[in-house]
Amino acid sequence: MKIIAFGGSPSKNSINKKLATYAAHLFENAEVEVLDLNDFQMPLFSVDIEKTIGQHELAKAFLAKIATADILVVSLAENNGNYSAAFKNVFDWCTRITAKVFQEKPMLLMATSPGAKGGASVLGIAKNAFPFYGGNIKATFSLPSFDANFDVVNEEISNPELDSQLRDIVKNF
């Protein structure tokens, strides 16, 4: 079983990438590949640029990675209540190639933030929107107050109750 995981942020220290990586490694007998949005930097999408260059090769590469997955583990960053601009740009370029960006792959959809709501706004937006783009969302998880609930040294959720919730989700996935 192959898992493609990524955080929806270009930050080198992305807390969402850390959460996605942790969650992906909870699946037993899985090969995990963690994508970095920085490897898919493209010009800001516009139809004018698309007319000039056509379908961007990095969008094709992102979709090819998704195609190799049996399961997607995605944790979205929340910027002003919505997707990060970096994720949205990759997503926009990909939708010009296929509307089914997530290719009906079973998905664990998550979010975290430094705040107590744990990215609830972006998680709600994605939960409603992703099924239209081939997102087969099997479960969702929000980790509130990342700094208080995630041990960055040991790269794991430090809150036993929240860790147990995520482990149960993975076990029953």
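Data for the structure
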{"read-out": "Of (1) 210; (2) 103; (3) 127, the label for volume of the Cα convex hull per residue in Å³ derived from the coordinates", "value": "(2)"}
{"read-out": "Sparse-neighbour loop sites [trypsin sites (Lys or Arg not before Pro); the range 1-95; at most 13 other C-beta within 10 Å; DSSP]", "value": "Lys12"}
{"read-out": "Local net charge near Leu44, Cβ-Cβ under 15 Å (Lys/Arg +1, Asp/Glu -1)", "value": "0"}
{"read-out": "Rounded, prolate or oblate (a/c below 1.5 giving rounded, otherwise prolate when a/b exceeds b/c) for the range 9-96 by Cα gyration tensor", "value": "oblate"}
{"read-out": "Pairwise centroid distance, computed over Cα atoms, of the range 1-39 with the range 55-107, Å", "value": "13 Å"}
{"read-out": "Cα long-axis angle, helix 85-95 against the chain (0 to 90 degrees, to the nearest 10)", "value": "50 degrees"}
{"read-out": "Options Ala67, Phe27, Asn128, ranked by Cα towards positive dipole end of the chain, top entry (Cβ charges)", "value": "Asn128"}
{"read-out": "Those residues of the range 118-141 whose amide nitrogen sits under 16 Å from the label point placed on Glu50, 7 Å along Cα→Cβ", "value": "133"}
{"read-out": "Within the chain, helix-based [θ] at 222 nm, where runs of 4 or more DSSP H residues each add -39,500 (n - 2.57), nearest 500", "value": "-10500 deg cm²/dmol"}
{"read-out": "Spin-label proximity, Val34 to the range 131-157 - amide N less than 14 Å from point 7 Å beyond Cα toward beta carbon", "value": "151-157"}
{"read-out": "The chain: antiparallel DSSP beta bridges as a percent of all, rounded to 5", "value": "10 percent"}
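Taken together, the values in this text are just the output of simple stated rules run on the coordinates, not laboratory data. As the structure is a prediction and not an experimental result, all values here were calculated from the model. Note that each Cβ is placed from the backbone with ideal geometry, even for glycine, and that neighbours are counted across all protein chains shown.
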